[in-house]
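The values are calculated or read from the model by the stated rules, or taken from the named source; none is laboratory data. None of these values were measured; they are calculated from a predicted model. Neighbour counts run over all protein chains shown; Cβ positions are idealised from the backbone, glycine included. Surface accessibility is based on the protein's heavy atoms, side chains included, excluding ligands, DNA and RNA. Shrake-Rupley method; radii C 1.70, N 1.55, O 1.52, S 1.80 Å.
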Amino acid sequence: GEPGAGEGETPPGRGETVLVVEDDDSLQQLTVQILEKLGYVVLAAQSPGKAMELAERHGGEIQLLLTDVVMTEMNGLELVELLLPQYPRMKHLFMSGYPADVIAHRGVLAEGVPFIAKPFTVRELAVKVREVLM
């Protein structure tokens, strides 16, 4: 860990670009607000298709894909697989309103894949994102 990072601290971003894919409007806005306050640059999409378009138009690096697991067009894992050829260094963090064990049980996510359960607190998101980006 970082020196002086107390248990209660919310680690800030370092200007990394995060692509957020969340189809729930209010939750997407909230997540974007949290990440921007923490100092991340945020691209937001409401569907995997939109996320692909955004990523293509973006041109720069995307350090992190923060995506819902269960979506209508495809699941979060399939989206990661589609984006990785373009952004091979991109990390990913999945979020879901379903408990992790339910999702693992469905075979969508492997054990040890970075995951955050919704709803999350500002601090939980901040800590998890930093962990994944390390």
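Can you confirm whether the range 75-87 contains a residue that is under 21 Å from GLU36 (Cα atoms), outside any loop (DSSP other than H, G, I, E, B) and within 14 Å of the chain's Cα centre (by Cα)? Within the range 75-87, none of the residues are under 21 Å from GLU36 (Cα atoms), outside any loop (DSSP other than H, G, I, E, B) and within 14 Å of the chain's Cα centre (by Cα).
Residues in the range 90-115 that are among the small types (Gly, Ala, Ser) and at pLDDT 70 or above: how many?
4
Going residue by residue through the range 41-58, is there one that turns out to be loosely packed, with under 13 Cβ neighbours inside 10 Å and either in a loop (DSSP other than H, G, I, E, B) or under 15 Å from the mean Cα position of the chain (by Cα) (or both)? No, the conditions are met nowhere in the range 41-58.
GLU81 falls short of the stated requirement of being open to solvent by 60 Å² or more (accessible area, probe 1.4 Å), within 15 Å of VAL21 (Cα to Cα), touching a residue at least 24 places away in the same chain (Cβ under 8 Å) and not aromatic (Phe, Trp, Tyr).
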